[in-house]
Each structure stands twice: as C-alpha cells, then as structure tokens.
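The values are calculated or read from the model by the stated rules, or taken from the named source; none is laboratory data. Here the structure is a predicted model, which is why all the values come from computation and not from measurement. Because the Cβ atoms are built from the backbone with ideal geometry, glycine has one as well, and the counts that use them run over all protein chains shown. Accessible surface areas use protein heavy atoms only, side chains included; no ligands, DNA or RNA. Shrake-Rupley method; radii C 1.70, N 1.55, O 1.52, S 1.80 Å.
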Amino acid sequence: MAAKSLASCIFCKIIKGEIPSFKLLETELSYSFLDIGPLSKGHALVIPKHHTEKMHELPDEYLADVMPIAKKIALAQGAENYNILQNNGRLAHQIVDHVHFHVIPKPNAEEGLGVGWPSQTLSKEEMQAIFDDLKGKL
C-alpha cells in the first residue's frame, strides 16, 4: 500500500526530511527518532509513514512494522523497565494527529512516564453485558 502524507503534519514533514530529527531507524513503512521533549533519556517515537490520526485507521502492514522497531529501540535503550505508549484522540492525550508510538525508558521512580490508573469496580452483570457486546462485535 502506498504511504499517505499530509502537508501540514509535523511528523509527515519529519519523514520527508523537511524538519530535522535524530533518526534512529527507518524502514519502508516506519520512521523512528528521539523525542525532542523526552520524559527520560532515550525517549523515542516510532511513526508509520502512512498519515492517519488514529490507530484503528492505520493499515495493518504498518502496525506490523512498528512493533519490531519499538522492541529494537527498547533493547537498545537498555532499560529493564519501559513503557510503550500510543494515544488516540484528545481525551486520550494525543497531541499530534498522526499515529505514533512512544518508547519511554523508566530508569527510576522520578524519570519516565508517570501513570495513574483509576480502576473501576463493575458487577458481574455489568461485566457480562460488556463481554457480550464486545464479543458480538468481534
């Protein structure tokens, strides 16, 4: 599938070389580079070369290419602990409207990604209804 780009997108401009970056790895389908606003040393981004805003819009071959790159970067970072982060939409904290994956080393409690996890308690009946709905759509 041919890559799709958007002229006004900062990540598309980075892929095309119009904006400089600290490129780590590049394949036919993906591009990776250091984040310029890192949460820890080595924080990197992996972006598909196909412009789309949300992950569910991205063709599967691009998704299949991204994860091995994220794995290579995580190994190269040498951190025992790390996060792979991907956000979809403003409410989910997406800032750049181009699918991207963060590879963030977590060397200690102070550096890296800080995450809150506001878990909920659902009844067995609520869980069953959610399960039935999702299972039916899959």
Of the GluC sites (Glu not before Pro) in region 1-67, those whose Cβ has at most 10 other Cβ within 10 Å and which sit in DSSP loop:
18, 28
To the nearest 10 degrees, the tilt of helix 124-137 (Cα long axis) against the first principal axis of the alpha carbons of the chain is 50 degrees
To the nearest 10 degrees, the tilt of helix 60-77 (Cα long axis) against the first principal axis of the alpha carbons of the chain is 70 degrees
Treating only the Cβ of Lys, Arg, Asp and Glu as charged (+1, +1, -1, -1), what charge dipole size does region 1-127 show about its Cα centre? Round to the nearest 20 debye.
260 debye
Quick one: accessible area per residue over the chain, 1.4 Å probe, rounded to a whole number of Å²?
67 Å²
Computed over the chain, the relative contact order (Cα-Cα under 8 Å, seq sep at least six) in percent reads 22 percent
Take a quick pass over region 35-138 and tell me how many lysine pairs come in under 23 angstrom between Cα atoms, counting only ones 8 or more apart or on separate chains.
12
Within region 95-138: Cβ-based charge dipole about Cα centre, in debye rounded to nearest 20 (Lys, Arg +1; Asp, Glu -1):
140 debye
Expressed as a percent, the accessible surface of region 51-107 that is carbon or sulfur, using a 1.4 Å probe and the full set of protein chains, is 55 percent
Which length gain, in nm to one decimal place, applies between residue 6 and residue 60 when the Cα-Cα distance is subtracted from 0.36 nm times their residue separation?
17.5 nm
